[in-house]
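A.B. asks: So that we are looking at the same thing, I have put the structure below in structure tokens.
The values are calculated or read from the model by the stated rules, or taken from the named source; none is laboratory data. Note that the structure is predicted; figures quoted are calculated from it, not measured. Cβ placement follows ideal geometry from the backbone for every residue including glycine, while neighbour counts extend to all protein chains displayed. Side chains are part of the model used for accessible areas, which takes the heavy atoms of the whole protein and leaves out ligands, DNA and RNA. Shrake-Rupley method; radii C 1.70, N 1.55, O 1.52, S 1.80 Å.
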Amino acid sequence: MQQAEAHVGALAQQVAKKRLGYASLNLVDPSPVKLHFGKWNNRPVEPARVKILAAGFKQYGVRSWENPIPIVVPREYVNVNALSQRMSEGECPPVIEWTPAAQGKFIEIAGGHHRCAAYVHHIKELQDARTHILKRRERLLTAKHKDEEERAAALTKTDDVLREIESALSKPTIWQVEVIANGE
């Protein structure tokens, strides 16, 4: 047990020496780069765990500034001067600035695979809910109703739900990342 703890401590020191800084990364659309999981943490994604995390996002909100996801990149792929040197608390730091050298390249994600999958799942659920609510709203507007007050109340409720969904979707789909230099 002590040997394992010593090994983990040594790895943490190595990572600290190679840390370039912190930034935010769009997990839904990371362009101009592509994300690659599995080089360091190659556990398979467990769908049940993803659903639990996504349910937590739905119930409690997304706190994407907590628990930065480590990414490993060649130094020349990022504008190092634009990185924050402190982990942000309460909000995400500025979005990572990729250099032209990063265009179309795969970026290694060293952890957080379940969080990323859950976050993308959460966004997809919100998009699906918006589609469903928009169809319901259209039906309310076009169908004949015996009781106009009932229709108006249903339309108001539908619009309220739609505003909540739109508000959630209007937030940037970013997560705080810890940027670590590769191969130095």
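A.B. asks: Filter region 57-83 for residues that are without any contact (Cβ under 8 Å) to a residue 24 or more places away in the chain and not hydroxyl-bearing (Ser, Thr, Tyr) and give the result. Spell out how you get there, then give the answer.
C.D. replies: Let us first name the residues in region 57-83 that are without any contact (Cβ under 8 Å) to a residue 24 or more places away in the chain, namely 59-61, 63, 79, 81.
If the condition is that a residue be without any contact (Cβ under 8 Å) to a residue 24 or more places away in the chain and not hydroxyl-bearing (Ser, Thr, Tyr), then 59, 61, 63, 79, 81 are the ones that fit.
A.B. asks: Identify all residues within region 11-44 that are at pLDDT below 90, over 24 Å from residue 85 (Cβ atoms) and of a type outside the set (Gly, Ala, Ser); write none if there are none.
C.D. replies: Correct list: 28, 29, 36, 37, 39, 41, 42, 43, 44.
A.B. asks: State all residues of region 98-117 that are surrounded by fewer than 16 Cβ atoms within 10 Å (Cβ to Cβ) and within 28 Å of residue 57 (Cβ to Cβ); if no residue qualifies, say none. Full working, then the answer.
C.D. replies: Initial filter on region 98-117 (surrounded by fewer than 16 Cβ atoms within 10 Å (Cβ to Cβ)): 99-101, 103-106.
Of everything in region 98-117, just one residue is surrounded by fewer than 16 Cβ atoms within 10 Å (Cβ to Cβ) and within 28 Å of residue 57 (Cβ to Cβ), namely 106.
A.B. asks: Another question about this same structure. Would you check if there is a residue in region 22-30 being within 13 Å of the chain's Cα centre (by Cα), surrounded by 12 or more Cβ atoms within 10 Å (Cβ to Cβ) and over 18 Å from residue 172 (Cα atoms)? Show your work before the answer.
C.D. replies: Start the filter on region 22-30 by keeping residues that are within 13 Å of the chain's Cα centre (by Cα), which leaves 23-30.
Subsequent filtering for residues that are surrounded by 12 or more Cβ atoms within 10 Å (Cβ to Cβ) retains 23-28, 30.
Filter once more, so that each one left must be over 18 Å from residue 172 (Cα atoms): none.
No, every residue in region 22-30 fails to be within 13 Å of the chain's Cα centre (by Cα), surrounded by 12 or more Cβ atoms within 10 Å (Cβ to Cβ) and over 18 Å from residue 172 (Cα atoms).
A.B. asks: Restricting attention to region 37-51, which residues are in contact (Cβ under 8 Å) with a residue 40 or more places away in the chain and assigned to a helix (DSSP H, G or I)?
C.D. replies: 49, 50, 51
A.B. asks: Let me ask another. Pick out the one residue from 120, 73, 33 that is open to solvent by less than 80 Å² (accessible area, probe 1.4 Å), closer than 22 Å to residue 165 by Cβ, of a type in the set (Val, Ile, Thr) and under 19 Å from the mean Cα position of the chain (by Cα).
C.D. replies: Selected residue: 120, the only one of 120, 73, 33 that is open to solvent by less than 80 Å² (accessible area, probe 1.4 Å), closer than 22 Å to residue 165 by Cβ, of a type in the set (Val, Ile, Thr) and under 19 Å from the mean Cα position of the chain (by Cα).
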